[in-house]
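Have a look at the structure below, then the notes.
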Amino acid sequence: MILRILAIGLLASGCGSVGTKPGNDAAVDGQADGKQDGRLPDGPMAAAYRGTLAQTQPATFGGGTFCVYTETLKQLQIDLDLLPSGQAVSGRMQALNVEGTDPTKCTLGVIPASIANYTLESAVPDGAALKLTFRGAAGNVPTASLVGKLTRTGATYSAMLTFHRTDQTPPLDWTVVTTLSLSPL
């Protein structure tokens with residue numbers, strides 16, 4: 001008899017915490033659709049968009065008493081998380097910096113190719129577009145600023161991006177302008 005009471009007590013105590021957290025497929029507040037008290041979750045969900053480009057046109061810089069160089073950005077990829085309104089809530093940009101020169105006209109070398117990473121810092125309405133400002137990663141070589149203008153075209157977006165080298169003064173700075181089309185992932 002005592003064993004039966006202990007067994008029942010043991011089984012009952014094991015059930016004490018069951019049901020305190022609903023499972024992933026459980027109803028919330030009795031609502032099978034995930035609504036709480038009949039309300040939808042806070043705010044709209046962002047959708048992921050991506051744009052890629054194999055490479056930009058080379059931008060020429062230098063000259064005068066310096067060698068003539070080119071800067072080509074390759075393997076460009078932009079990822080933006082956009083609300084249904086078109087507002088950007090987060091974003092990343094990556095590009096491979098490739099510097100070149102004509103070795104028959106310039107014996108000085110070029111900086112090695114390097115990947116540059118940028119993170120979206122702000123997205124401010126600018127007429128029918130959004131002005132995007134990115135922050136470059138601390139390890140980017142060369143250092144460059146990145147701003148853009150994001151416009152909607154139906155279900156896709158277009159980002160006109162301007163990269164500008166900031167660790168050199170003219171004529172050794174460069175500016176690369178390119179446009180990427182972004183589609184939902």
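Any residue at all in the stretch 102-113 that is at negative phi and part of a strand (DSSP E or B)?
Checking the stretch 102-113: not a single residue is at negative phi and part of a strand (DSSP E or B).
Take the residues in the stretch 48-74 that are among the hydrophobic types (A, V, I, L, M, F, W, C) and part of a strand (DSSP E or B); name whichever of them is surrounded by the fewest Cβ atoms within 10 Å (Cβ to Cβ).
ALA54
Can you name the residue in the stretch 89-110 that is at pLDDT below 95 and among the charged types (D, E, K, R) and, of all such residues, is nearest to LEU132 (Cα to Cα)?
ASP102
Condition first: of a type in the set (Gly, Ala, Ser) and surrounded by 15 or more Cβ atoms within 10 Å (Cβ to Cβ). Now tell me which residues in the stretch 138-166 satisfy that.
ALA144, SER145, GLY148, SER158, ALA159
The values are calculated or read from the model by the stated rules, or taken from the named source; none is laboratory data. This one's a predicted model, so the numbers in the text were calculated from it and none came from an experiment. So basically every Cβ, Gly included, is an ideal-geometry build from the backbone, and we count neighbours across all protein chains shown.
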